[in-house]
Amino acid sequence: MTDPASEDRKDTMVESAAGQAQTPADAKRGPAVATRERRQGAANPSGETPYLVVEDLTVKFPTADGLVSAVNGLSYSVPLGRTLAIVGESGSGKSVSSMAVMGLHDPKRTKITGSIRLGGDEIVGLPENELMKVRGDAVAMVFQDPQSSLHPLYTVGNQIVEAYRVHHQVSKDVAKKRALEMLDLVGIPNPQRRFSQYPHEFSGGMRQRAMIAMGLVNDPKLVIADEPTTALDVTVQAQILDLLNNLQKEFGSAIVLITHDLGVVAEMADDVLVMYAGRCVEYGTAEDVLARPRMPYTWGLLESIPTVSAANERLRPIKGLPPSLLNLPTGCSFNPRCPYKDRVKGERCTTDLPELLPVDGAGAHTSRCHLHDKASIYEAEVAPRLG
Ligand SMILES: Nc1ncnc2c1ncn2[C@@H]1O[C@H](COP(=O)(O)OP(=O)(O)OP(=O)(O)O)[C@@H](O)[C@H]1O
Ligand code: SF4
Ligand SMILES: [Mg+2]
């Protein structure tokens with residue numbers, strides 16, 4: 001991963017990142033800042049060697065209304081056996097960034113820059129046939145809605161068999177044995193009978209299990225789960241999360257879990273990345289981000305979780321709406337909604353994009369905010385409200 005050729009490529013990317021700045025404030029950041037931010041994202045908060053490394057990823061969609069900047073300079077990394085949760089409001093770029101990792105964007109309609117490496121192999125810019133080779137059976141995606149991912153006219157068993165045979169030259173009998181093992185492993189009772197049924201004969205939870213069986217049949221090194229439990233009731237949700245946890249122990253995969261639900265994050269994540277308007281605004285271990293958050297947007301997300309003790313109190317949703325990605329605010333993208341911006345001297349919140357910097361001046365926990373006294377504001381004002 002540190003060969004001279006890849007170092008050359010990184011330097012080129014820094015220039016291109018600086019050249020593609022969105023706002024005057026972005027432009028002020030310059031290559032040095034971009035380099036620092038990329039390195040911080042590439043170093044996993046655990047210090048372990050990552051399997052997936054995303055550096056300075058930018059995804060834009062040219063549309064009739066203008067260029068939609070869905071992802072702006074995103075960097076993170078995930079080692080095998082570790083789970084990264086990506087959280088943020090609707091439209092913050094969680095799915096778009098993950099689809100880039102899967103190589104699922106239409107290259108004709110999407111501009112992607114930056115770097116995505118799987119086990120050291122770069123996938124950004126590869127033509128589809130080479131992308132298939134690098135990605136191969138290494139990555140699987142579990143979507144929110146298994147109904148739309150499972151084909152209604154094929155039996156569940158045959159879909160798992162075909163998913164296996166795409167990457168393994170084996171007979172149908174061997175693939176069927178593997179499919180039955182997977183159905184059993186994901187907790188589907190009576191796999192022999194279920195193998196021959198169609199998706200509509202499965203309950204929502206069973207379909208989600210079948211999706212996971214199909215995703216994991218090739219023993220992927222990386223699993224991207226995009227809101228895998230949102231459509232399910234709470235009990236089934238807990239079972240599916242347990243299942244993902246257990247399968248991770250069995251297969252040792254890296255997991256990127258996309259979710260709105262901070263309860264799920266607390267349960268599942270080793271690391272957490274908070275996204276706002278296409279950018280990472282806070283990143284660190286789950287313990288750091290959930291117990292010592294250092295960014296007003298993360299505080300807002302935590303304050304908007306319903307808790308049992310606060311059952312009779314009003315929830316505190318974050319006021320206002322996320323900005324248009326066609327026209328991001330100058331300065332900090334969160335400034336139109338931020339209740340703390342008056343605590344920052346001068347107009348910096350509305351003129352300068354904050355860098356993603358270590359919250360304690362060093363270390364792997366980073367946040368993007370100009371406030372100087374984040375720790376004391378959190379302890380004195382936010383933590384008591386969280387109870
Ligand atoms: N093909 C496209 N063309 C133009 N804009 C797009 C396209 N795909 C996504 N977007 C926009 O990119 C932004 C980010 O979308 P994305 O689906 O990543 O959000 P998300 O964080 O996953 O939200 P949710 O929680 O609702 O799933 C949205 O504003 C979306 O409208
Ligand atoms: S930089 Fe300013 S506007 Fe942005 S989160 Fe910090 S205080 Fe709020
Ligand atoms: Mg999404």
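The values are calculated or read from the model by the stated rules, or taken from the named source; none is laboratory data. What you see is a predicted model, and the numbers here were worked out from it, not measured in a lab. Here the Cβ is made from the backbone with ideal geometry for all residues, glycine too, and neighbour counts use every protein chain on show.
The rows are residues; the columns are (1) of a type in the set (A, V, I, L, M, F, W, C); (2) part of a helix (DSSP H, G or I); (3) more than 16 Å from ligand 3 (Cβ to nearest atom).
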{"position": "Leu84", "(1), (2), (3)": "yes, no, no"}
{"position": "Glu89", "(1), (2), (3)": "no, no, no"}
{"position": "Ser115", "(1), (2), (3)": "no, no, yes"}
{"position": "Met141", "(1), (2), (3)": "yes, no, no"}
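Need the failing condition index for Pro296 against (1) farther than 23 Å from Ser98 by Cβ; (2) within 16 Å of ligand 1 (Cβ to nearest atom); (3) crowded, with 24+ Cβ neighbours inside 10 Å, just the number.
Of the numbered conditions (1) farther than 23 Å from Ser98 by Cβ; (2) within 16 Å of ligand 1 (Cβ to nearest atom); (3) crowded, with 24+ Cβ neighbours inside 10 Å, the odd one out for Pro296 is (2).
Looking at the range 317-330, is at least one residue of a type outside the set (D, E, K, R), over 30 Å from Leu67 (Cα atoms) and assigned by the TED database to the domain that holds Gly73?
no
Among the residues of the range 217-275, write down those that are among the basic types (Lys, Arg) and closer than 23 Å to Leu104 by Cβ.
Result: Lys221, single match.
Mind checking which residues of the range 194-203 are free of Cβ contacts under 8 Å to residues at least 40 places away in the same chain and either under 14 Å from Leu243 (Cβ atoms) or surrounded by 12 or more Cβ atoms within 10 Å (Cβ to Cβ) (or both)?
Selection gives Arg194, Glu201.
State whether one or more residues within the range 84-107 are away from ligand 1 (no atom under 12 Å from the Cβ), touching a Phe, Trp or Tyr at 6+ places or on another chain (Cβ under 9 Å) and within 21 Å of Thr366 (Cα to Cα).
There is at least one residue in the range 84-107 that is away from ligand 1 (no atom under 12 Å from the Cβ), touching a Phe, Trp or Tyr at 6+ places or on another chain (Cβ under 9 Å) and within 21 Å of Thr366 (Cα to Cα).
Read through the list (1) within 16 Å of ligand 2 (Cβ to nearest atom); (2) of a type in the set (D, E, K, R); (3) at pLDDT below 90, then give the number of the only condition that Arg38 fails.
Every listed condition holds for Arg38 apart from (1).
Restricted to the range 103-113, and to residues that are part of a loop (DSSP other than H, G, I, E, B) and among the basic types (Lys, Arg), which residue is nearest to ligand 3 (Cβ to nearest atom)?
Once the filter is applied, the top-ranked residue is Arg109.
How do the pairs read when you match residues in the range 370-387 that are free of Cβ contacts under 8 Å to residues at least 60 places away in the same chain with residues anywhere that are among the hydrophobic types (A, V, I, L, M, F, W, C) and assigned to a helix (DSSP H, G or I), using Cβ under 9 Å and keeping only pairs 6 or more apart or on different chains?
His370/Cys349; Ile377/Trp299; Glu381/Trp299
Any residue at all in the range 92-102 that's at pLDDT below 95 and either over 25 Å from Pro228 (Cβ atoms) or in a loop (DSSP other than H, G, I, E, B) (or both)?
No, the range 92-102 contains no residue that is at pLDDT below 95 and either over 25 Å from Pro228 (Cβ atoms) or in a loop (DSSP other than H, G, I, E, B) (or both).
Report, ordered by the first and then the second residue, all pairs with beta carbons closer than 7 Å, sequence separation of six or more or different chains, a first member in the range 49-68 that is closer than 9 Å to Gly114 by Cβ, and a second member that is of a type in the set (Lys, Arg) and more than 16 Å from ligand 3 (Cβ to nearest atom).
From residues that are closer than 9 Å to Gly114 by Cβ, the pairs are Glu55/Arg38; Asp56/Arg38.
Report those strands (runs of 3 or more DSSP E) wholly inside the range 213-332 carrying at least 2 residues which are under 28 Å from Tyr164 (Cβ atoms).
Per the criteria, 222-226, 254-258.
Yes/no per residue for (1) outside the structural domain of Ala100 (by the TED database); (2) touching a strand residue (DSSP E or B) at 6+ places or on another chain (Cβ under 8 Å):
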site: Asp173; (1), (2): yes, no
site: Lys176; (1), (2): yes, no
site: Arg193; (1), (2): yes, no
site: Ser196; (1), (2): yes, no
site: His200; (1), (2): yes, no
site: Thr230; (1), (2): no, no
site: Asn246; (1), (2): no, no
site: Val265; (1), (2): no, yes
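If the requirement is being away from ligand 1 (no atom under 16 Å from the Cβ) and farther than 23 Å from Leu84 by Cα, which of these qualifies: Arg316, Arg368?
Arg316
Pairs, please: C-beta under 7 Å, at least 6 apart or cross-chain, first residue under 20 Å from Val53 (Cα atoms) and acidic (Asp, Glu) and in the range 264-276, second modelled with pLDDT of 95 or more and not in a strand (DSSP E or B)?
Within 7 Å, the pairs are Asp270/Arg82; Asp270/Ala286; Asp271/Arg82; Asp271/Ala286.
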